[in-house]
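Quick note: the coordinates plus some simple rules give every number you see, no bench work behind them. Owing to the predicted nature of the structure, the values given are computational and were not obtained by experimental measurement. Because the Cβ atoms are built from the backbone with ideal geometry, glycine has one as well, and the counts that use them run over all protein chains shown.
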Amino acid sequence: MTEYDVIVVGGGPAGSTAARRFVQQGLNVLLLDKETFPRVKPCAGGFTDHVENALDFSMEEVIQRRAYGQTIHSPSGIIVDCSRPETSGSLVMRSDFDHLLLKKAEEAGAVVKQGEKVVKATDDGNFVTVTTESEAYTGKYLVGADGINSIVAKSLGFYKGWTKDSAAVCIEIEAEVGEEVVKRICGVPFDEEGVTIHIFFGPVPYGYVWCFPKRSILSFGAGCRQDKVDNLRGLFDEWFEKFKRKHNIDPQIVSDTSARVPFKEAAKTTVKGRAILVGDAAGFVNPYDAEGVVMAVKSGIIAAPVLREAVESANPLILKQYEKAWKSEFKDTLKVGRNVAKLLFKSERNMETICRLGAEDPVMNDVMYKMISGLESYKTLYRTMLKRILTKHPKAGVSLYT
Ligand SMILES: Cc1cc2nc3c(=O)[nH]c(=O)nc-3n(C[C@H](O)[C@H](O)[C@H](O)COP(=O)(O)OP(=O)(O)OC[C@H]3O[C@@H](n4cnc5c(N)ncnc54)[C@H](O)[C@@H]3O)c2cc1C
């Protein structure tokens, strides 16, 4: 039986990036995924430029459109125009993007096995064993990149699962509308092919509805904290019917999926014995806008030198460095994202107030634009926002916190 240096469970952005980087560090890597790629992954497919910048290869071939900021809609219909003449991110179909990343892991030299569902993982102190429905594999170290329902995390006792107040439930629909409709609804004046993403506050509690444009498809969806809603589908359908009437469209639904996403800072523990967690399995999703791909990719990158050192020194205690490294990279984003979510989603009134400030005050507008585009640290932007509210909009400030 081959003993791998590292076994990676899950070939999403976190697992594929990790596997590629591990091989580049000279490690012998096995990646297992239960699906056969390309596979559908419920996701709006909107990335800040940080995703593209973090990769060590071009993702141009899977970019469907470039985003030039955002258009935010308040509960009462105020439009906050956060578009800018420069690009702020990209829009992809996750099936294409994830397939590209998996191919890049394989191309680098990782052994990739698709269609192998992992059912159990064990760590006996000296090596790890991963059991799939058909095989068992052993390795020195294990990386759980298997998303929100991580079997690695559950098998090895990292956690039991994400509770309803620590996860968001989401609906995601891909609707074929044609390129002209995409441009009519989401186009920008700066670039004939460019678009803004649209975010709607109000239709669902503690979350939002979105319309993310692709080449000829509009991705619609709704997400909110799981304990705050018991009829997400009904609320979304109601909103969608109105949207279709308003824009006079009759789209062909290409896919209709739902999924959960972590919605609270990170998992308490991301390193245990000979295993680490990356991406959604570790809870690396911004609780404000559910952006998770950048941290999934970055967690795989951060893990690589640590795993190499752990293999070289044959010392699993080295893995603790991974926790230190990811905390210094994005702990603040997760923490501040959670504070922003608490303030914004507290009530429909708060969503309305913040949108109104964003529409009327250029400083607040800039904060909103930069936050979603990831252009400055969340900590700095949150401070700027609070200072601005206290000094220029004290009445609104009082209403936000009462
Ligand atoms: C509706 C929705 C919209 C979103 N929109 C955005 C967005 O626009 N931008 C953004 O940045 N983020 C978005 N996110 C979050 C983003 O999708 C995740 O943060 C990201 O996919 C995390 O990547 P990952 O590699 O950690 O996990 P995943 O992408 O979930 O990949 C996990 C992989 O593990 C495999 N797997 C799972 N269990 C097993 C098993 N037992 N055995 C073997 N393999 C297994 C799965 O098949 C999958 O391929 C969205 C999430 C949802 C639900």
Rounded to the nearest Å, the spacing of the alpha-carbon centers of region 127-150 and region 364-378 is 38
Output ordering of 259-267, 247-255 (per-residue mean of other Cβ within 10 Å, highest first) is 259-267, 247-255
In nm, the gap between the two label points placed 7 Å beyond Cα toward Cβ at Thr269 and Val363 is 4.6
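Mind ordering 154-166, 200-212 by average Cβ neighbours within 10 Å, highest first?
Answer by packing, highest mean first, reads 200-212, 154-166.
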Per residue, the convex hull enclosing the alpha carbons of region 222-322 has a volume in Å³ of 135
For Lys268, the aspartates and glutamates lying under 16 Å Cα to Cα, once residues fewer than eight places off in the same chain are dropped, come out as Asp165, Asp280, Glu323, Asp332
From the cross-link list Lys214/Lys320; Lys103/Lys342; Lys41/Lys244; Lys244/Lys335; Lys244/Lys331; Lys41/Lys264, the entries with a Cα-Cα span beyond 29 Å are Lys214/Lys320; Lys103/Lys342; Lys244/Lys335; Lys244/Lys331
If the chain between Lys164 and Leu55 were fully extended at 0.36 nm per residue, the gain over the current Cα-Cα distance would be 36.0 nm
The rounded separation in angstrom of the Cα centers of region 213-254 and region 1-59 is 30
Kirkwood radius from Cα pairs of region 206-257 plugged into Stokes-Einstein at 25 °C, 0.890 mPa s, gives D in µm²/s equal to 202
Dimensionless Rg/Rh of region 338-401, both radii on Cα and Rh by Kirkwood, sits at 0.92
Expected vector for region 217-226, Karplus 3J(HN,Hα) from phi with 6.51, -1.76, 1.60 and θ = phi - 60°, integer Hz, x for Gly and Pro, equals 10, 10, 8, 10, x, 9, x, 7, 4, 4
Mean shadow area (nm²) of the C-alpha convex hull around the chain is 18.8
Expressed in nanometres to one decimal, the distance between label points 7 Å along Cα→Cβ at Thr122 and Lys242 is 5.6
Within region 212-230, the residues whose backbone N lies under 15 Å from a label point placed 7 Å from the Cα of Asp256 along the Cα-to-Cβ direction are 220-222
Among the DSSP H helices of the chain, those whose Cα atoms extend at least 15 Å along the helix axis and whose mean Kyte-Doolittle hydropathy is -1.0 or higher are 13-24, 94-108, 293-313, 320-344, 348-360, 362-373, 378-392
Rounded to one decimal in nm, the spacing of the 7 Å Cα→Cβ label points at Lys113 and Phe190 is 4.8
